[in-house]
Ligand code: SAM
Ligand code: SF4
Ligand code: SF4
(Lines give C-alpha, C1' and ligand atoms only; values in the text may rest on other atoms or scores of the structure.)
(Ligands and ions follow the chains in the order given, each with its own letter.)
Protein backbone atom coordinates (compact mmCIF):
# COMPACT_ATOMS: atom_id res chain seq x y z
CA UNK A 1 0.00 0.00 0.00
CA UNK A 2 1.23 3.48 -0.88
CA UNK A 3 -0.30 5.59 1.94
CA UNK A 4 -0.17 8.86 0.06
CA UNK A 5 -0.20 12.21 1.86
CA UNK A 6 -1.26 15.62 0.60
CA UNK A 7 0.62 18.93 0.90
CA UNK A 8 -0.70 19.36 4.47
CA UNK A 9 0.40 15.82 5.45
CA UNK A 10 -3.16 14.51 5.44
CA UNK A 11 -3.52 10.84 4.42
CA UNK A 12 -6.21 9.54 2.06
CA UNK A 13 -8.54 7.39 4.16
CA UNK A 14 -12.15 7.97 3.14
CA UNK A 15 -13.84 7.71 -0.21
CA UNK A 16 -17.32 9.10 -0.76
CA UNK A 17 -19.01 7.87 -3.88
CA UNK A 18 -22.11 9.48 -5.33
CA UNK A 19 -24.01 6.80 -7.25
CA UNK A 20 -26.68 9.06 -8.74
CA UNK A 21 -27.37 12.78 -9.17
CA UNK A 22 -31.13 12.17 -8.91
CA UNK A 23 -33.29 12.48 -5.83
CA UNK A 24 -36.93 12.00 -4.85
CA UNK A 25 -36.67 15.01 -2.45
CA UNK A 26 -36.11 18.66 -3.22
CA UNK A 27 -34.55 19.88 0.03
CA UNK A 28 -34.28 23.64 -0.30
CA UNK A 29 -30.71 23.68 1.01
CA UNK A 30 -29.58 21.10 -1.55
CA UNK A 31 -31.81 20.76 -4.64
CA UNK A 32 -34.34 23.61 -4.63
CA UNK A 33 -37.33 22.67 -6.82
CA UNK A 34 -37.22 25.89 -8.82
CA UNK A 35 -33.76 24.93 -10.10
CA UNK A 36 -34.04 21.15 -10.10
CA UNK A 37 -37.42 21.24 -11.87
CA UNK A 38 -39.08 18.91 -14.42
CA UNK A 39 -36.78 20.16 -17.20
CA UNK A 40 -33.54 19.78 -15.26
CA UNK A 41 -31.05 17.68 -17.25
CA UNK A 42 -29.91 14.86 -14.99
CA UNK A 43 -27.07 12.63 -16.15
CA UNK A 44 -27.94 10.00 -18.78
CA UNK A 45 -27.07 6.46 -17.68
CA UNK A 46 -24.04 6.11 -19.98
CA UNK A 47 -22.43 9.10 -18.25
CA UNK A 48 -22.73 7.49 -14.82
CA UNK A 49 -20.03 5.14 -13.52
CA UNK A 50 -21.02 1.48 -13.74
CA UNK A 51 -20.66 -0.84 -10.74
CA UNK A 52 -17.61 -2.42 -12.45
CA UNK A 53 -15.98 0.99 -12.79
CA UNK A 54 -16.74 1.91 -9.18
CA UNK A 55 -15.36 -1.42 -7.96
CA UNK A 56 -12.17 -0.92 -9.95
CA UNK A 57 -11.70 2.58 -8.56
CA UNK A 58 -12.31 1.46 -4.97
CA UNK A 59 -9.59 -1.20 -5.34
CA UNK A 60 -7.16 1.43 -6.59
CA UNK A 61 -8.10 3.90 -3.85
CA UNK A 62 -7.58 1.19 -1.23
CA UNK A 63 -4.05 0.70 -2.57
CA UNK A 64 -3.46 4.41 -1.79
CA UNK A 65 -4.72 4.23 1.80
CA UNK A 66 -8.53 4.32 1.72
CA UNK A 67 -10.16 2.21 4.43
CA UNK A 68 -13.68 3.59 4.54
CA UNK A 69 -16.22 3.98 1.78
CA UNK A 70 -19.45 5.98 1.97
CA UNK A 71 -22.16 5.61 -0.67
CA UNK A 72 -24.18 8.77 -1.21
CA UNK A 73 -25.87 10.87 -3.90
CA UNK A 74 -28.44 12.35 -4.81
CA UNK A 75 -30.52 9.63 -3.23
CA UNK A 76 -28.38 6.49 -3.45
CA UNK A 77 -31.31 4.09 -2.98
CA UNK A 78 -32.71 5.29 -6.33
CA UNK A 79 -29.79 3.53 -8.01
CA UNK A 80 -30.97 0.15 -9.21
CA UNK A 81 -29.47 -2.90 -7.45
CA UNK A 82 -27.52 -0.87 -4.92
CA UNK A 83 -27.07 -3.89 -2.59
CA UNK A 84 -25.10 -5.57 -5.40
CA UNK A 85 -22.62 -2.70 -5.37
CA UNK A 86 -22.32 -2.94 -1.58
CA UNK A 87 -21.62 -6.64 -1.90
CA UNK A 88 -18.88 -6.03 -4.46
CA UNK A 89 -17.23 -3.33 -2.35
CA UNK A 90 -17.51 -5.45 0.78
CA UNK A 91 -15.42 -8.14 -0.91
CA UNK A 92 -12.50 -5.79 -1.58
CA UNK A 93 -9.63 -6.58 0.80
CA UNK A 94 -8.69 -3.48 2.80
CA UNK A 95 -12.19 -1.93 2.92
CA UNK A 96 -12.93 -1.82 6.65
CA UNK A 97 -16.22 0.06 6.66
CA UNK A 98 -19.01 0.76 4.15
CA UNK A 99 -21.56 3.40 5.09
CA UNK A 100 -24.61 4.76 3.30
CA UNK A 101 -26.20 8.20 3.56
CA UNK A 102 -29.87 8.23 2.60
CA UNK A 103 -33.03 10.26 3.05
CA UNK A 104 -34.59 7.04 4.32
CA UNK A 105 -37.65 6.94 2.08
CA UNK A 106 -36.68 3.63 0.46
CA UNK A 107 -34.88 2.16 3.43
CA UNK A 108 -37.82 0.07 4.56
CA UNK A 109 -37.67 -1.75 1.23
CA UNK A 110 -33.90 -2.24 1.09
CA UNK A 111 -32.65 -2.44 4.70
CA UNK A 112 -32.49 -6.25 4.85
CA UNK A 113 -30.77 -6.57 1.47
CA UNK A 114 -28.26 -3.87 2.36
CA UNK A 115 -27.39 -5.52 5.65
CA UNK A 116 -27.07 -8.91 3.98
CA UNK A 117 -24.81 -7.40 1.33
CA UNK A 118 -22.36 -6.27 4.02
CA UNK A 119 -23.22 -2.62 4.65
CA UNK A 120 -21.60 -1.57 7.94
CA UNK A 121 -23.80 1.38 8.91
CA UNK A 122 -26.36 3.86 7.69
CA UNK A 123 -26.88 7.61 8.19
CA UNK A 124 -30.46 8.72 7.70
CA UNK A 125 -31.23 12.38 7.09
CA UNK A 126 -34.22 13.81 8.93
CA UNK A 127 -34.60 17.52 9.59
CA UNK A 128 -37.75 17.61 11.71
CA UNK A 129 -40.36 15.41 13.37
CA UNK A 130 -42.97 18.04 12.60
CA UNK A 131 -44.76 17.00 9.42
CA UNK A 132 -45.26 20.50 8.10
CA UNK A 133 -41.74 21.72 8.71
CA UNK A 134 -40.26 18.51 7.33
CA UNK A 135 -42.38 18.87 4.23
CA UNK A 136 -41.34 22.51 3.75
CA UNK A 137 -37.69 21.54 4.04
CA UNK A 138 -37.82 18.60 1.62
CA UNK A 139 -39.88 20.34 -1.06
CA UNK A 140 -43.18 18.63 -0.12
CA UNK A 141 -41.88 15.19 -1.11
CA UNK A 142 -41.69 12.98 1.94
CA UNK A 143 -43.40 11.98 5.17
CA UNK A 144 -41.79 11.74 8.61
CA UNK A 145 -43.45 8.37 9.25
CA UNK A 146 -41.85 6.82 6.13
CA UNK A 147 -38.38 7.89 7.25
CA UNK A 148 -38.99 6.64 10.79
CA UNK A 149 -40.14 3.29 9.42
CA UNK A 150 -36.95 3.11 7.34
CA UNK A 151 -34.90 3.80 10.46
CA UNK A 152 -36.74 1.03 12.35
CA UNK A 153 -36.19 -1.47 9.57
CA UNK A 154 -32.50 -0.64 9.33
CA UNK A 155 -32.08 -1.12 13.08
CA UNK A 156 -34.03 -4.39 12.92
CA UNK A 157 -31.71 -5.56 10.15
CA UNK A 158 -28.82 -5.00 12.56
CA UNK A 159 -27.42 -1.87 10.96
CA UNK A 160 -26.08 0.83 13.32
CA UNK A 161 -28.10 3.96 12.49
CA UNK A 162 -27.18 7.61 12.88
CA UNK A 163 -29.53 10.47 12.13
CA UNK A 164 -28.38 13.64 10.31
CA UNK A 165 -30.28 16.88 10.89
CA UNK A 166 -29.30 20.01 8.96
CA UNK A 167 -30.19 22.98 11.15
CA UNK A 168 -31.31 26.12 9.36
CA UNK A 169 -32.25 29.34 11.10
CA UNK A 170 -35.91 30.19 10.82
CA UNK A 171 -36.71 26.73 9.44
CA UNK A 172 -36.16 24.01 12.01
CA UNK A 173 -34.11 25.36 14.91
CA UNK A 174 -37.16 24.92 17.16
CA UNK A 175 -36.90 21.16 16.55
CA UNK A 176 -33.42 20.69 18.02
CA UNK A 177 -34.47 19.64 21.54
CA UNK A 178 -37.38 17.48 20.38
CA UNK A 179 -35.16 15.62 17.89
CA UNK A 180 -32.56 15.09 20.63
CA UNK A 181 -35.19 13.79 23.04
CA UNK A 182 -36.75 11.46 20.47
CA UNK A 183 -33.51 9.88 19.30
CA UNK A 184 -32.05 9.66 22.80
CA UNK A 185 -35.04 7.53 23.66
CA UNK A 186 -34.59 5.45 20.50
CA UNK A 187 -30.86 5.13 21.30
CA UNK A 188 -29.73 6.39 17.89
CA UNK A 189 -26.96 8.98 17.63
CA UNK A 190 -28.29 12.26 16.27
CA UNK A 191 -25.84 14.49 14.44
CA UNK A 192 -26.64 18.14 13.94
CA UNK A 193 -25.14 19.64 10.78
CA UNK A 194 -24.51 23.36 10.42
CA UNK A 195 -26.11 24.58 7.21
CA UNK A 196 -23.27 24.91 4.67
CA UNK A 197 -22.57 26.97 1.54
CA UNK A 198 -22.26 23.91 -0.70
CA UNK A 199 -23.12 24.44 -4.38
CA UNK A 200 -24.52 27.65 -5.83
CA UNK A 201 -28.27 27.20 -5.79
CA UNK A 202 -29.39 27.29 -2.14
CA UNK A 203 -28.89 31.04 -1.61
CA UNK A 204 -26.78 30.39 1.51
CA UNK A 205 -26.24 33.27 3.94
CA UNK A 206 -24.14 33.18 7.09
CA UNK A 207 -27.18 34.51 8.96
CA UNK A 208 -29.05 31.28 8.18
CA UNK A 209 -26.52 29.17 10.08
CA UNK A 210 -27.36 28.08 13.62
CA UNK A 211 -23.89 27.85 15.19
CA UNK A 212 -22.74 24.76 17.05
CA UNK A 213 -22.72 26.59 20.39
CA UNK A 214 -26.42 27.49 20.04
CA UNK A 215 -27.30 23.95 19.02
CA UNK A 216 -25.49 22.57 22.07
CA UNK A 217 -27.15 25.11 24.37
CA UNK A 218 -30.57 23.92 23.24
CA UNK A 219 -29.74 20.26 23.77
CA UNK A 220 -28.16 21.02 27.18
CA UNK A 221 -31.41 22.61 28.32
CA UNK A 222 -33.13 19.33 27.68
CA UNK A 223 -30.36 17.08 29.03
CA UNK A 224 -26.79 18.00 30.11
CA UNK A 225 -23.87 16.91 27.94
CA UNK A 226 -20.14 16.29 28.27
CA UNK A 227 -17.70 16.62 25.38
CA UNK A 228 -15.98 13.36 24.58
CA UNK A 229 -13.02 12.26 22.46
CA UNK A 230 -13.36 11.45 18.77
CA UNK A 231 -13.59 7.75 17.94
CA UNK A 232 -10.77 8.20 15.42
CA UNK A 233 -8.69 10.98 13.85
CA UNK A 234 -10.62 12.82 11.20
CA UNK A 235 -14.11 12.10 12.57
CA UNK A 236 -16.25 14.91 11.16
CA UNK A 237 -18.66 15.24 14.06
CA UNK A 238 -17.54 16.42 17.48
CA UNK A 239 -19.07 14.09 20.06
CA UNK A 240 -21.03 14.85 23.23
CA UNK A 241 -22.29 12.26 25.69
CA UNK A 242 -25.38 12.75 27.83
CA UNK A 243 -24.35 13.16 31.45
CA UNK A 244 -26.83 10.47 32.48
CA UNK A 245 -24.96 7.95 30.30
CA UNK A 246 -27.98 7.44 28.06
CA UNK A 247 -26.47 8.07 24.63
CA UNK A 248 -24.70 10.75 22.66
CA UNK A 249 -25.06 13.38 19.97
CA UNK A 250 -22.66 14.84 17.42
CA UNK A 251 -22.27 18.25 15.82
CA UNK A 252 -20.77 18.79 12.37
CA UNK A 253 -19.64 22.39 12.52
CA UNK A 254 -18.08 22.99 9.14
CA UNK A 255 -18.90 26.72 9.34
CA UNK A 256 -18.13 27.84 12.90
CA UNK A 257 -15.44 25.29 13.88
CA UNK A 258 -13.91 23.87 10.75
CA UNK A 259 -11.90 20.65 10.72
CA UNK A 260 -9.88 20.76 7.49
CA UNK A 261 -6.61 19.88 9.23
CA UNK A 262 -7.74 16.26 9.60
CA UNK A 263 -9.73 15.94 6.37
CA UNK A 264 -8.82 12.67 4.67
CA UNK A 265 -11.81 12.51 2.31
CA UNK A 266 -11.91 12.19 -1.46
CA UNK A 267 -15.17 12.32 -3.38
CA UNK A 268 -16.26 10.82 -6.67
CA UNK A 269 -19.34 12.29 -8.32
CA UNK A 270 -21.91 10.15 -10.12
CA UNK A 271 -20.30 10.93 -13.49
CA UNK A 272 -16.93 9.87 -12.18
CA UNK A 273 -15.19 13.14 -11.40
CA UNK A 274 -12.76 13.13 -8.50
CA UNK A 275 -12.97 16.07 -6.07
CA UNK A 276 -10.62 16.57 -3.15
CA UNK A 277 -12.92 18.99 -1.29
CA UNK A 278 -16.68 19.39 -0.81
CA UNK A 279 -16.28 23.00 -1.94
CA UNK A 280 -14.11 22.27 -4.98
CA UNK A 281 -14.69 24.09 -8.25
CA UNK A 282 -12.80 21.63 -10.45
CA UNK A 283 -12.14 17.92 -10.47
CA UNK A 284 -10.42 15.17 -12.43
CA UNK A 285 -12.41 13.17 -14.98
CA UNK A 286 -11.88 9.56 -13.91
CA UNK A 287 -14.61 8.24 -16.20
CA UNK A 288 -12.63 9.26 -19.27
CA UNK A 289 -9.48 7.81 -17.77
CA UNK A 290 -11.21 4.51 -16.99
CA UNK A 291 -12.77 4.31 -20.43
CA UNK A 292 -9.54 5.28 -22.23
CA UNK A 293 -8.07 1.84 -21.67
CA UNK A 294 -5.56 3.06 -19.07
CA UNK A 295 -4.25 0.24 -16.91
CA UNK A 296 -4.43 0.21 -13.10
CA UNK A 297 -0.82 1.34 -12.71
CA UNK A 298 -1.44 4.52 -14.71
CA UNK A 299 -4.68 5.29 -12.87
CA UNK A 300 -2.99 4.67 -9.51
CA UNK A 301 -0.18 7.02 -10.42
CA UNK A 302 -2.59 9.76 -11.48
CA UNK A 303 -4.73 9.46 -8.36
CA UNK A 304 -1.66 9.52 -6.14
CA UNK A 305 -0.42 12.62 -7.89
CA UNK A 306 -3.79 14.40 -7.46
CA UNK A 307 -3.78 13.65 -3.73
CA UNK A 308 -0.13 14.59 -3.27
CA UNK A 309 -0.83 18.03 -4.77
CA UNK A 310 -3.91 18.64 -2.62
CA UNK A 311 -3.97 21.85 -0.56
CA UNK A 312 -7.76 22.21 0.07
CA UNK A 313 -8.90 23.82 3.30
CA UNK A 314 -11.91 25.85 2.21
CA UNK A 315 -13.78 25.83 5.52
CA UNK A 316 -10.68 26.96 7.43
CA UNK A 317 -10.34 29.86 5.01
CA UNK A 318 -14.02 30.71 4.53
CA UNK A 319 -14.50 34.49 4.41
CA UNK A 320 -16.15 37.08 2.14
CA UNK A 321 -13.20 37.00 -0.25
CA UNK A 322 -12.91 33.22 -0.63
CA UNK A 323 -16.68 32.92 -0.96
CA UNK A 324 -16.74 35.60 -3.66
CA UNK A 325 -13.93 33.86 -5.52
CA UNK A 326 -15.95 30.63 -5.78
CA UNK A 327 -19.28 32.34 -6.47
CA UNK A 328 -21.34 30.23 -8.90
CA UNK A 329 -18.37 27.91 -9.46
CA UNK A 330 -18.91 25.26 -6.78
CA UNK A 331 -20.27 21.81 -7.44
CA UNK A 332 -23.83 21.07 -6.28
CA UNK A 333 -24.16 18.81 -3.22
CA UNK A 334 -26.40 16.38 -5.13
CA UNK A 335 -23.55 15.88 -7.63
CA UNK A 336 -20.54 15.73 -5.39
CA UNK A 337 -22.30 13.79 -2.61
CA UNK A 338 -22.59 14.81 1.04
N1 SAM B 1 -29.94 12.04 -0.28
C2 SAM B 1 -29.17 11.52 0.80
C3 SAM B 1 -29.51 12.21 2.10
O4 SAM B 1 -30.14 13.27 2.06
O5 SAM B 1 -29.12 11.69 3.14
C6 SAM B 1 -27.67 11.57 0.55
C7 SAM B 1 -27.11 12.78 -0.12
S8 SAM B 1 -27.23 14.30 0.80
C9 SAM B 1 -26.48 15.43 -0.30
C10 SAM B 1 -26.03 14.03 2.08
C11 SAM B 1 -26.16 14.88 3.31
O12 SAM B 1 -25.86 16.22 2.99
C13 SAM B 1 -27.55 14.90 3.94
O14 SAM B 1 -27.46 14.57 5.31
C15 SAM B 1 -28.00 16.32 3.76
O16 SAM B 1 -28.87 16.73 4.77
C17 SAM B 1 -26.69 17.07 3.76
N18 SAM B 1 -26.75 18.38 3.11
C19 SAM B 1 -27.21 18.68 1.88
N20 SAM B 1 -27.10 20.01 1.63
C21 SAM B 1 -26.54 20.56 2.73
C22 SAM B 1 -26.16 21.89 3.10
N23 SAM B 1 -26.32 22.91 2.29
N24 SAM B 1 -25.60 22.08 4.32
C25 SAM B 1 -25.42 21.04 5.17
N26 SAM B 1 -25.74 19.76 4.87
C27 SAM B 1 -26.30 19.53 3.68
FE1 SF4 C 1 -32.00 14.77 -1.91
FE2 SF4 C 1 -30.38 14.36 0.07
FE3 SF4 C 1 -30.21 16.60 -1.33
FE4 SF4 C 1 -32.30 16.24 0.23
S5 SF4 C 1 -30.16 16.42 0.89
S6 SF4 C 1 -32.36 16.94 -1.91
S7 SF4 C 1 -32.58 14.08 0.12
S8 SF4 C 1 -29.79 14.60 -2.08
FE1 SF4 D 1 -12.31 18.72 3.83
FE2 SF4 D 1 -12.79 20.68 2.11
FE3 SF4 D 1 -14.49 20.22 4.12
FE4 SF4 D 1 -12.07 21.27 4.63
S5 SF4 D 1 -13.72 22.22 3.47
S6 SF4 D 1 -13.07 19.59 5.76
S7 SF4 D 1 -10.83 20.23 3.06
S8 SF4 D 1 -14.03 18.83 2.42
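The values are calculated or read from the model by the stated rules, or taken from the named source; none is laboratory data. Note that the structure is predicted; figures quoted are calculated from it, not measured. Note that we place each Cβ from the backbone using ideal geometry, even for glycine, and neighbour counts take in every protein chain shown.
Some notes on this structure:
- The residues of the stretch 281-290 that are surrounded by fewer than 19 Cβ atoms within 10 Å (Cβ to Cβ) and touching a helix residue (DSSP H, G or I) at 6+ places or on another chain (Cβ under 8 Å), listed by number, are 284, 289.
- Residues of the stretch 84-120 that turn out to be crowded, with 17+ Cβ neighbours inside 10 Å and within 28 Å of residue 30 (Cα to Cα), as a count: 20
- Pick from the stretch 257-274, criterion without any contact (Cβ under 8 Å) to a residue 60 or more places away in the chain and in contact with a strand residue (DSSP E or B) (Cβ under 7 Å, 6 or more places away or on another chain), ranking: nearest to ligand 2 (Cβ to nearest atom): 273
- Contact annotation: residue pairs with Cβ atoms under 6 Å, 6 or more positions apart or on different chains, pairing a residue in the stretch 144-169 that is free of Cβ contacts under 8 Å to residues at least 40 places away in the same chain with a partner that is surrounded by 16 or more Cβ atoms within 10 Å (Cβ to Cβ) and in a helix (DSSP H, G or I), are 144/134.
- Within the stretch 262-280, the set of residues being within 12 Å of ligand 3 (Cβ to nearest atom) and either touching a helix residue (DSSP H, G or I) at 6+ places or on another chain (Cβ under 8 Å) or assigned to a helix (DSSP H, G or I) (or both) comprises 262, 266, 267, 275, 276, 277, 278, 279, 280.
- Restricting attention to the stretch 323-338 and to residues that are part of a helix (DSSP H, G or I) and surrounded by 14 or more Cβ atoms within 10 Å (Cβ to Cβ), the residue that is nearest to ligand 3 (Cβ to nearest atom) turns out to be 336.
- Residues being farther than 22 Å from residue 273 by Cβ and in contact with a strand residue (DSSP E or B) (Cβ under 8 Å, 6 or more places away or on another chain) - total across the stretch 3-26: 2
- Residue in the stretch 303-338 that is modelled with the lowest pLDDT, counting only those that are in contact with a strand residue (DSSP E or B) (Cβ under 6 Å, 6 or more places away or on another chain) and under 13 Å from residue 279 (Cα atoms): 338
- Residue match in the stretch 200-208 (condition: in contact with a helix residue (DSSP H, G or I) (Cβ under 8 Å, 6 or more places away or on another chain) and either free of Cβ contacts under 8 Å to residues at least 24 places away in the same chain or in a helix (DSSP H, G or I) (or both)): no
- Residue in the stretch 279-302 that is nearest to residue 5 (Cα to Cα), counting only those that are in contact (Cβ under 8 Å) with a residue 24 or more places away in the chain and in contact with a strand residue (DSSP E or B) (Cβ under 7 Å, 6 or more places away or on another chain): 283
- Count of residues meeting criterion [more than 25 Å from residue 160 (Cα to Cα) and surrounded by fewer than 18 Cβ atoms within 10 Å (Cβ to Cβ)] in the stretch 187-207: 5
- Flag for residue 277 being crowded, with 21+ Cβ neighbours inside 10 Å and away from ligand 2 (no atom under 16 Å from the Cβ): yes
- Residue within the stretch 39-48 that is out of contact with any strand residue (DSSP E or B) (no Cβ under 6 Å at 6 or more places or on another chain), crowded, with 22+ Cβ neighbours inside 10 Å and touching a residue at least 12 places away in the same chain (Cβ under 8 Å) present: no
- Strands (runs of 3 or more DSSP E) enclosed by the stretch 63-178 - at least 3 residues per element that are away from ligand 3 (no atom under 16 Å from the Cβ) and modelled with pLDDT of 95 or more: 97-102, 121-125, 161-167
- For residue 305, the stated conditions do not hold, so it cannot be described as within 15 Å of ligand 3 (Cβ to nearest atom) and either in contact (Cβ under 8 Å) with a residue 60 or more places away in the chain or in a helix (DSSP H, G or I) (or both).
- Condition met for residue 15 (part of a strand (DSSP E or B) and either within 11 Å of ligand 1 (Cβ to nearest atom) or within 18 Å of residue 235 (Cα to Cα) (or both)): yes
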